[in-house]
Amino acid sequence: MKEAVKRQLLDIVGEDRFFDQDLDRFTYSYDGSFLPLVPPHLPDAVVQPVSTEEVAAILRVCHAHDVPVVPRGAGSGRTGGSVPVAGGVVLSLQRMNRILDLDEGNMMALVEPGVVTFDFYQAMEKKGFFYPPDPASWKFCTLGGNVAENAGGARAVKYGVTRDYVMGLQVVLADGRVIETGGKAVKNVTGYDLTRLFVGSEGTLGVITRILVRLLPLPPAKRTLLLCFGSVDDASTAVVRMIQGGVIPAAAELMDRVSIEAVARAHPVDVPRGTEAAVLVDIDGEPELLGPQARRIVAIARDAGAIEVREAADEAEADALWLLRRAMGPAVAAMAPNKIGEDISVPRTAVPEMIRRLQEIGRRYGFTIAIFGHAGDGNLHPSILTDLSQEGNREKADAAVAEIFRAALQLGGTLSGEHGIGITKLPFIVDALGEAQVEVLKSIKRALDPRGILNPGKIFAGGAGR
Amino acid sequence: MSAVDELARIVAQCDRCGACQAVCPLFAHLGKEAAVARGKVAMLRAYLEGGLGADAVSVARALDLCLLCQACAANCPSKVNVPRAVLLGRAALAPSVAPPRLVRAADAALVRPGVLALLGLLVRVYRSRRVYRLLEATGALGLVRAVAGEVVDFLPPPAGLPGADSSAVAAMASSGRAAGRGLAAGGTARGKVHYFAGCLMKTVYPHVSRATISLLRAAGYEVEVPPARCCGLPLLAHGRLEEARRLAAHNVAAFRDAEVVVTDCASCGAGLKEYGWLLGSDPVWRLQAREFADRVRDVSEFLVGVRTEAAPAGGGRPRVDGRRSGLRVTYHDPCHLVRGQKIKAPPRELVRATGVEFVEMAGADTCCGGGGSFHLIHRDVSRRILARKIEAAEETGARLLLTACPGCLMQLQYGVRRAGSTLQVMHIVEFLHAVNSAGAGPAPRAH
């Protein structure tokens with residue numbers, strides 16, 4: 001990094017929030033994705049701003065000197081979104097973690113991007129409000145990262161994803177100008193919907209410094225059921241019929257046998273023999289409606305061939321059942337030296353066929369593939385378990401991933417439900433969107449970031465300017 | 001498996017999800033990746049794979065910045081044993097860094113029983129009221145500080161002097177308001193236990209040791225105190241794996257005849273219970289070490305067992321009616337007890353059984369910032385963590401803050417003095433001993 005840039009950045013944030021020692025640079029070279037740690041993608045420096053003004057000043061400096069800027073929250077992304085592949089400055093936003101305002105009348109809150117999702121959820125819960133998006137990483141991921149990746153979660157089947165709660169954003173543009181999109185008006189067709197453009201933009205169009213989200217009233221009651229099936233088909237059928245029948249679960253999480261066994265290695269897990277798939281179902285709402293809903297779910301599940309149906313008796317039991325699901329990603333990862341976790345999304349009714357194809361791909365390549373995901377919305381997380389240090393496995397895994405993506409696209413699905421494209425799915429974006437659409441993305445990128453300093457090398461190849 | 005192989009195996013299990021960020025006390029205060037478990041595991045992995053691009057010294061320094069509180073491991077979805085990785089990493093990097101003077105001095109003392117005994121004597125002299133007053137009056141206290149450094153600040157001043165333990169429990173006990181259904185003192189011996197006296201207990205808290213021994217005796221046990229050496233945990237924490245193993249082997253031999261090994265130091269207990277691992281690659285000691293580890297009990301774990309066993313007979317259980325004492329008590333979980341030994345309920349049960357009002361404090365099981373010698377080396381962040389801990393204890397409105405590890409005890413007492421709080425900090429056995437002695441005679445002074 002040029003001495004002049006370093007000096008100016010130090011002037012903005014001071015020594016305590018500027019790091020450029022080798023080790024600090026290394027620790028901001030990775031995220032929660034399966035990209036290899038070495039050789040590391042080292043940033044030149046890491047800065048931790050605490051205000052919009054500081055972010056704007058940093059961007060003005062970086063823009064003037066063509067220094068890449070990579071926004072980062074908790075670094076818990078799964079596709080390399082915050083990995084500084086082109087070096088430059090990692091803009092660590094974890095210290096911008098204040099909840100600025102709660103407007104109870106309009107049921108909206110204004111937050112900074114570094115607020116941890118779960119902390120926000122709890123703060124709102126205390127006031128009787130409900131912020132539904134609940135990515136599995138919500139205990140440690142940040143709202144800024146959720147917005148940048150348009151994170152989903154288990155509740156998406158009933159409540160939608162992060163996008164559905166963002167009413168407005170404060171964004172620092174590549175050159176340091178600050179804009180505010182959207183607002184508290186529920187109906188708003190003044191100009192293009194820039195709020196939606198920035199949601200899911202993966203840090204490539206601007207740096208999000210404030211987020212206005214809408215809230216719901218807290219559902220007064222919740223129930224949790226675990227449905228065990230002898231086949232994945234039966235499990236998927238049950239979920240499709242539930243939703244068709246008007247019982248929309250607050251979550252319907254599918255787990256295959258391999259995934260359940262992975263969690264069982266570290267936690268007590270109790271499912272009947274012969275379970276090939278389980279579905280964890282939450283229902284929420286008025287307490288008097290939950291009894292009849294639970295009974296209908298049980299009836300539908302049994303009709304679809306469930307071998308066991310269990311309802312959590314209390315909150316502690318519900319938490320224990322949920323642990324099964326929340327621990328799943330990392331627990332599956334612990335089964336092999338490498339886990340290549342994917343995030344495909346298909347129409348709900350295509351889930352059984354997608355799972356059949358996944359299993360077939362696994363057999364053909366000789367990989368164990370663990371499958372879990374959000375059956376209610378068709379978003380699946382197949383994980384290829386392998387040892388990439390073994391000769392030839394890397395190539396085989398790449399080929400298998402390509403086939404998985406192809407299968408998802410053939411079934412009317414897409415590359416990513418909630419993790420974003422980042423680096424790991426970049427080679428497939430043209431297959432998913434087509435040349436023309438990718439050109440449109442690039443035009444937007446050029447318009448907002450002509451010098452290509454914002455998170456370069458992500459989403460599509462050959463970004464503008466660099 | 002060699003230490004480096006084991007290290008490589010552990011760090012390969014991390015999938016870098018980042019869950020440790022939610023629980024690491026250092027990360028909460030420092031907010032940078034190098035401070036959190038994921039950062040340390042990643043740097044170790046890259047270091048072993050040969051692509052880190054940072055030198056061994058900076059890695060060693062980063063590894064040094066860990067409380068070994070185990071919060072990361074307890075909350076890790078993949079159950080990555082980060083504390084062990086940190087220990088093994090420190091051992092692997094030990095040849096490339098010189099530890100701070102203080103740490104070197106402490107390690108040197110810990111492996112020499114004679115030096116340790118001398119230190120114990122010095123502490124006793126320092127803590128005698130007359131000597132302390134003399135030091136204070138002549139200004140020599142400053143000189144002591146200049147020679148011994150900040151260590152002195154962590155020593156509790158003599159009883160009865162400002163900043164020392166006031167004696168809430170002793171007062172309660174001697175007021176006679178406790179009901180006085182004490183232990184079946186000196187009853188038929190129910191068996192023999194061997195008491196493991198940790199180094200801090202011997203040098204700074206001998207009165208706690210005495211309380212533990214007399215509680216065990218009162219519960220009907222014959223108590224033997226074999227010549228224990230340091231449990232090895234501090235040396236392990238300082239990357240001195242081989243010396244830790246030698247000490248472990250000594251202790252296994254010294255307690256060869258013990259059926260039950262009881263300790264009142266949570267850190268020693270956690271260390272001792274890991275001997276099976278520590279000596280796991282030693283063909284001579286492996287089996288004995290594992291058997292030894294299985295026989296180790298924390299004092300609260302042991303006493304709760306005694307209570308349960310003795311309940312039908314009604315005798316010999318440490319139970320005194322403290323209901324009318326009006327004393328409100330809270331408890332801090334030592335990391336090495338709640339996570340290191342998974343003991344959470346027993347100390348609470350024992351305290352509740354006395355009938356005093358027990359109030360849970362917020363974040364009872366988060367680290368106090370002590371971390372062995374951590375508080376002496378990383379003073380800033382340690383004090384920030386400690387200040388929050390004392391606040392949480394104060395918020396309960398308790399008069400007494402109990403804990404179960406001399407390391408925490410020292411740190412918490414320091415924190416209370418620093419904050420100018422009126423809280424009294426005590427080891428749980430001091431408290432139990434005081435309430436148990438209430439009916440039987442004068443309560444022991446805190447000193």
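Assess whether A:GLY168 counts as being crowded, with 20+ Cβ neighbours inside 10 Å, among the small types (Gly, Ala, Ser), in a strand (DSSP E or B) and out of contact with any Cys (no Cβ under 6 Å at 6 or more places or on another chain). Yes: the conditions hold for A:GLY168.
Residue-wise test of (1) in the same structural domain as A:GLY203 (by TED's automatic domain parsing); (2) surrounded by fewer than 18 Cβ atoms within 10 Å (Cβ to Cβ); (3) free of Cβ contacts under 8 Å to residues at least 12 places away in the same chain; (4) part of a strand (DSSP E or B).
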{"residue": "A:ASP377", "(1), (2), (3), (4)": "no, no, no, no"}
{"residue": "A:LEU385", "(1), (2), (3), (4)": "no, no, no, yes"}
{"residue": "A:GLU391", "(1), (2), (3), (4)": "no, yes, yes, no"}
{"residue": "A:LYS396", "(1), (2), (3), (4)": "no, yes, no, no"}
{"residue": "A:VAL401", "(1), (2), (3), (4)": "no, no, no, no"}
{"residue": "A:ARG406", "(1), (2), (3), (4)": "no, yes, no, no"}
{"residue": "A:GLU418", "(1), (2), (3), (4)": "no, no, no, no"}
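Of all positions in the stretch A:310-328, at least one carries a residue that is among the small types (Gly, Ala, Ser) and either closer than 30 Å to A:LEU35 by Cα or in the same structural domain as A:PHE34 (by TED's automatic domain parsing) (or both).
Restricting the stretch A:113-141 to residues that are facing chain B (nearest Cβ under 10 Å) and outside any helix (DSSP H, G or I) leaves a set whose member that is surrounded by the most Cβ atoms within 10 Å (Cβ to Cβ) is A:SER137.
Let's see how each residue does on (1) more than 30 Å from A:THR275 (Cβ to Cβ); (2) β-branched (Val, Ile, Thr):
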position	(1), (2)
A:ILE371	no, yes
A:GLY378	no, no
A:LEU385	no, no
A:PRO427	yes, no
A:VAL440	yes, yes
A:ARG451	yes, no
A:LEU454	yes, no
A:LYS458	yes, no
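Being within 14 Å of chain B (Cβ to nearest Cβ) and small (Gly, Ala, Ser) is true of A:ALA327. Within the stretch B:86-106, can one find any residue that is surrounded by 20 or more Cβ atoms within 10 Å (Cβ to Cβ) and at the interface with another protein chain (Cβ under 10 Å from one of its Cβ atoms)? Within the stretch B:86-106, none of the residues are surrounded by 20 or more Cβ atoms within 10 Å (Cβ to Cβ) and at the interface with another protein chain (Cβ under 10 Å from one of its Cβ atoms). Take the conditions (1) more than 9 Å from chain B (Cβ to nearest Cβ); (2) in contact (Cβ under 8 Å) with a residue 12 or more places away in the chain; A:GLU53 misses just one of them, which is (2). Selection of the stretch B:14-64 for residues being more than 24 Å from the chain's Cα centre (by Cα), facing another protein chain (nearest Cβ under 7 Å), surrounded by 20 or more Cβ atoms within 10 Å (Cβ to Cβ) and farther than 18 Å from A:LEU93 by Cβ yields B:ASP15, B:ARG16, B:CYS17, B:ALA19, B:ALA42, B:MET43, B:ARG45, B:ALA46, B:LEU52, B:ALA54, B:VAL59.
Count of the stretch A:59-97 residues, restricted to those that are within 14 Å of chain B (Cβ to nearest Cβ) and on the phi > 0 side of the Ramachandran plot, is 3.
When the criteria are applied in full, B:ALA73 meets the requirement of being touching a residue at least 60 places away in the same chain (Cβ under 8 Å), under 22 Å from A:LYS339 (Cβ atoms) and not in a loop (DSSP other than H, G, I, E, B).
For every residue, the table says whether it meets (1) modelled with pLDDT of 95 or more; (2) within 28 Å of B:PRO95 (Cα to Cα).
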| residue | (1), (2) |
| --- | --- |
| B:VAL223 | yes, no |
| B:PRO227 | no, no |
| B:LEU236 | yes, yes |
| B:VAL252 | yes, yes |
| B:PHE255 | yes, no |
| B:GLY276 | yes, yes |
| B:GLN288 | yes, no |
| B:ASP298 | yes, no |
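There is at least one residue in the stretch A:283-301 that is crowded, with 23+ Cβ neighbours inside 10 Å and either among the acidic types (Asp, Glu) or within 14 Å of chain B (Cβ to nearest Cβ) (or both). Candidates A:ARG214, A:ARG196: the one that is at pLDDT 95 or above and crowded, with 17+ Cβ neighbours inside 10 Å is A:ARG214. Out of curiosity, is A:GLU342 of a type in the set (Asp, Glu), away from every other protein chain (no Cβ under 11 Å) and free of Cβ contacts under 8 Å to residues at least 60 places away in the same chain? So A:GLU342 does not fit the description; no.
Checked against (1) of a type outside the set (Phe, Trp, Tyr); (2) under 17 Å from the mean Cα position of the chain (by Cα); (3) more than 15 Å from A:PHE34 (Cβ to Cβ); (4) within 14 Å of another protein chain (Cβ to nearest Cβ), A:ASN379 passes all but a single condition, namely (4). Looking at A:LEU42, A:LEU37, A:LEU23, can you tell me which residue is within 30 Å of A:ALA336 (Cβ to Cβ), at pLDDT below 95, within 14 Å of chain B (Cβ to nearest Cβ) and in contact with a helix residue (DSSP H, G or I) (Cβ under 9 Å, 6 or more places away or on another chain)? Answer to the selection: A:LEU37.
The values are calculated or read from the model by the stated rules, or taken from the named source; none is laboratory data. The structure displayed is predicted, hence computed values, not measured ones. Here Cβ is always computed from backbone atoms with ideal geometry, including for glycine, and neighbour counts include all displayed protein chains.
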